[in-house]
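The values are calculated or read from the model by the stated rules, or taken from the named source; none is laboratory data. Since this is a predicted model, take the numbers as computed values, not measurements. Ideal geometry is used to build each Cβ from the backbone, glycine not excepted, and the neighbour counts take in all protein chains shown.
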Amino acid sequence: MMERFWSKVEKTDGCWIWTGARRNGYGAFLITNQGRKRVVYAHRLSFELVHGAIPKGLYVLHHCDNPVCVNPIHLFLGTQSDNLKDAGAKGRMARVGESNPFSKLTWPQVESMRDLAKNLSTRKLASIFGIDHGHVARILRGERWNPLSVKRGLGPICFHKPR
């Protein structure tokens, strides 16, 4: 199995690139054990082959931020929280509020919408601002365009799989 695994790796001075199959942007390796087949992520298997078992609940993260890299030196263990912080620091979290290039609203518009909501329905607000009434309702409930989380760049957090 190890020989088959490493035959799918192109080693360079930096990243070791997985040349085999991919799943969700990461290298994927098929393991057969007693007639049962399962697919494991190549970076996780690389980490295990060199450093030993991965403790339950921990993730294997990339220093290099390259999902197809299996260089054990580029890999480290972390929690889900570490993974999210790392993704945010590397710009892989969804941009929210005005920083999202597809946003139809600005902060002044959202603040105006909240003021107008005292006298107007979500459907009327949606018509005024050119967005769906469900989105208006989420804004008014604080699920979107939340002043504290958006201004700090933390939310609403959208989890996107790496490409």
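Only one of the numbered conditions (1) in contact with a Ser or Thr (Cβ under 8 Å, 6 or more places away or on another chain); (2) modelled with pLDDT of 95 or more; (3) of a type outside the set (A, V, I, L, M, F, W, C); (4) over 30 Å from Tyr26 (Cα atoms) is violated by Lys124, and that is (1). The number of residues in the stretch 1-26 that are surrounded by 15 or more Cβ atoms within 10 Å (Cβ to Cβ) and of a type in the set (A, V, I, L, M) comes to 2.
Which residue, of Val60, Val70, Val50, is over 16 Å from Phe5 (Cα atoms) and either aromatic (Phe, Trp, Tyr) or in contact with a helix residue (DSSP H, G or I) (Cβ under 7 Å, 6 or more places away or on another chain) (or both)?
Values: Val70 fails: over 16 Å from Phe5 (Cα atoms); Val50 fails: over 16 Å from Phe5 (Cα atoms).
Only one candidate qualifies: Val60.
Residues in the stretch 96-142 that are within 30 Å of Pro67 (Cβ to Cβ) and touching a residue at least 24 places away in the same chain (Cβ under 8 Å): Val96, Gly97, Ser99.
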